[in-house]
Structures are given as C-alpha cells and as structure tokens.
Amino acid sequence: MRLIACLIFLALWDPLFAQKTPTLMNMLPALDAVNGEQQRQRATAMITANYERWLKDPAAFRKLVDDECGLFPEGQLYPYFLPAMAFAQLSTSDTARSREHLARSELLLKMGLPVAGKIVDAKSDDLLQLKDYDRQATTLSTVSLALGLYRWAGGTDPRLQAYHRHINQLLGLALARADGQPIHSYPNYSWNYDTVASLVALRLAPDLTPNIPVNAIWRKHELWIQRYAYDQKNQLPYSVAGFGYTDGPSPPRGCDVFFRVMILAYVDPPAARALFARCQQALERETGQFYGFAEYPLGAKQIEDNDSGPIIMDMGLSATGLAIGAARAANQPEVVSRLCRQFVFREPLLMMASTMNMQQMPGSWFWNAVDVNPQYFTGFLFGDAVMFYSLTWNSMNR
C-alpha cells in the first residue's frame, strides 16, 4: 500500500509524468470495474506464498529480516509475530489448508521467541528467564497476542504453552501493580496502545492468569484513558499520555487506533466497531481516485516517522494499510473493498517506478532507507509482514 500510494502521488504531483509515460498511464484501470475482494485475495495469496517459501529455510529468513527490517522500531519483532498471527487467522478461514497454516504459525512463533528474548535482554535470550516484565510491554504483548491467536486456532504445542503462561503472568502482575494506569512499552517510553494490547492478550486466555482481576483492571484503564488520554474533539485516544515523557499528550494516530480496532474486535466487537466509526469520522480521506486514512486528525502537526511511513495527500500510508484489517474487524466490507481495489495499480505502477528516481519524490527520507523490491507485495519485507496481518484479519470463529 505504501509503494502504491507513493507512485500514485507522483503521477498526480508531477505534471510532466503523465506526458512522459502516456502508455503506462493508460494502463491504470478504472477502479469502479475492480473487485476489491479479489484483489485482497490476490495480495494475500502472494504474501502467503512468499512466507511459505521463506520458511523452508529459517536461517535465510532470519538473515533477510536482519538485513532489511532494521529501519523500523519493531523491525525484528513484527516480521515473525504478525505473520504468525496471520497464519493462525488463515487456519480458521482457509479450512482446506488449516493444518498447514497452523504449522507455519507455530514455526514462526518458535523462530521469533529467541529474537524477542534478545530484544528484551533476557538471560540466554530466553523469555522464560524473565522475572518481571522489565518495562517491555511492546515485545511481550505482541508475543502474547500471537500465542493467543495460535491457541484460538487450535495450537497445542507444550513449549509454546509454557511461554504463553509465563508471559501472561508477567504482564498480569505488571498490570495489577499499575491498577488501571498504563505500563511501559519500553524502559524509557510508552505508547498507550501497548497497555491495551497487554490487556487484550490476557483476555484472549483468561485461564492463564486466574490470579489477576483482568476485567476489573480493564474497566479502570478505560476510565484512565477517558480522563487522561482522550482527545475529546476527535473522540479518539491519544497515542502517548502519562509518564511525563512529553509536555502534553501526543495526538491520536492512525497506525495506533487501527491496530487497537483489530485487537479489540477479538474480545469486544461492539467496542471495536464504535472505535472504527470514530476513526472514519476523524481520519477518512479521499483525493481523486485515491482513498485512504490520515495518520493524524485535522489540525494536528503532521510528523512523518518510521511508524507512519510517508504522509501523502494527507494520508498516512501505514494507517491506510492497517485500515483494511480494521475495516474487516468492524464489519465494513465496502471500506475494505475500496481500499483493496487500489491494489490493481500495483503492476502498472511498478513498471512506472523503473522510470523514476525514487529519491526525488515526497517521502524520500523513507525510500532512501528502503530498497523497493517487486518480490514483496508492498515493495518491502516489513510492509508485507504488517499487511499480511491486516489482510487476513478475521474473528477466528469466535
């Protein structure tokens, strides 16, 4: 989605571009004639096939992640655990290949666990050696969510069960101590999303933390958000508030709220639908043929970073890709279709890209650090990992 959006923007932004490549411009189809669901399935099939190929050589895949994903804050984490979640979801929607998908989810989890252990500096890179959550909710909540979906899909590996129980106990004790206030994403920083993700992770497997009053903590945290971390104007949660890290709260962000919608929908579908409706009101954008979602509400300072990706035509490219899964979680098939129809631009625009200097286009700070490769649906590995989870979101028959 990021690559597609940037190339569409260049075609609009550069008035000479269409004159230089009229034949290629004529190749772009009318979106009204495109079946968005077929495009979603096409994208899913391409990313699935890539992961199936990569997982035949785990060592080579680890090197690929190390070489290509270092730019991103969760670059060592998401390429394992978001696809593990995607394969767990596929195992409940693509029933003809359910066992294959679940086996790949299990493999990715086992590959990712020592990586996660290294991220949090666990002894011997083993999360079972942690005695406390060590202010590492980003990593631990991501691992727990992935283990929870694997379990929901029918996964029963004893080793993974041991990690799941231990991680949830660590998160549960941290949340109990916080008593409704946020916990830390990293030792020196916190996004409020990670507290929500930790609570959702515990709610996916309540039997693993019978000593933790998860529902009571959830209600207290909702009250904390309303009081300290809520943008009343836009009716969306702030991305950062509390802990004194900033002079004031940071504005709502698309990459944050759409992840919230997706994970919240597993445990509270009505709340997820209500949150998505507020996201639409504050973040939905349309310019010409391009339809997407903003990273920030109107009036907020538009700061591009590695979480947002480039912001083009007021649309955040991460937010727009994540909105696919959020719209699926909110039961908004027309939004999903409108977003996925634009995938039909992918091949013509990749051809156009061969005539461009990507370093001269808006968002060059991003493209300077990412080598666009057509083997990836989004143009780069990390983008495919995130998109895979978004494209495959489903309620897992719950």
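We did not get these values from a lab; they are worked out from the coordinates using the rules stated. Nothing here was measured: the structure is a model prediction, and the numbers come from that model. Backbone-built Cβ (ideal geometry, glycine too); neighbour counts: all protein chains shown.
Listing for the model above:
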item	result
Per-bin percent of Cα-Cα distances, the range 71-166 [5 Å]	3, 15, 27, 24, 17, 9, 4, 2, 0
Degrees separating the helix 254-267 axis from the principal Cα axis of the chain, which is the longest one	50
Expected 222 nm ellipticity per residue - DSSP helices of 4 or more, -39500 (n - 2.57), all of the chain, to 500	-18000 deg cm²/dmol
R0 of 25 Å, Cβ-Cβ distance Ala162-Asn215: FRET efficiency to nearest 0.05	0.50
For peptides 134-145, 81-92, sequence by mean Cβ density within 10 Å, most packed first	81-92, 134-145
Top positive-direction residue, dipole computed over the range 2-391 with Cβ charges, set Phe293, Trp218, Leu127	Trp218
The range 165-185 and the range 46-72: distance between their alpha carbon centers, rounded to Å	31
Alpha carbon centroid spacing (whole Å) that separates the range 234-302 from the range 304-349	14
Cα convex hull volume per residue for the range 202-355 (Å³)	152
Protection proxy ranking, peptides 196-207, 112-123, average beta carbon neighbours within 10 Å, highest first	196-207, 112-123
Student exercise, the chain dipole from Lys, Arg, Asp, Glu Cβ charges, in Debye to nearest 20	780
Stokes-Einstein D for the range 52-113, Kirkwood Rh over Cα pairs, 4 °C, 1.567 mPa s (µm²/s)	109
Per principal axis, descending, Cα span of the chain in whole Å	67, 49, 36
Rg(Cα) / (2.2 N^0.38 Å) computed for the range 116-213, rounded to two decimals	0.98
Set of the range 28-55 residues, backbone N closer than 14 Å to the point 7 Å along the Cα-Cβ line of Ala103	52-53, 55
Estimated distance in nm for a label pair at Arg273 and Asp94, the labels positioned 7 Å out from Cα along Cα-to-Cβ	2.8
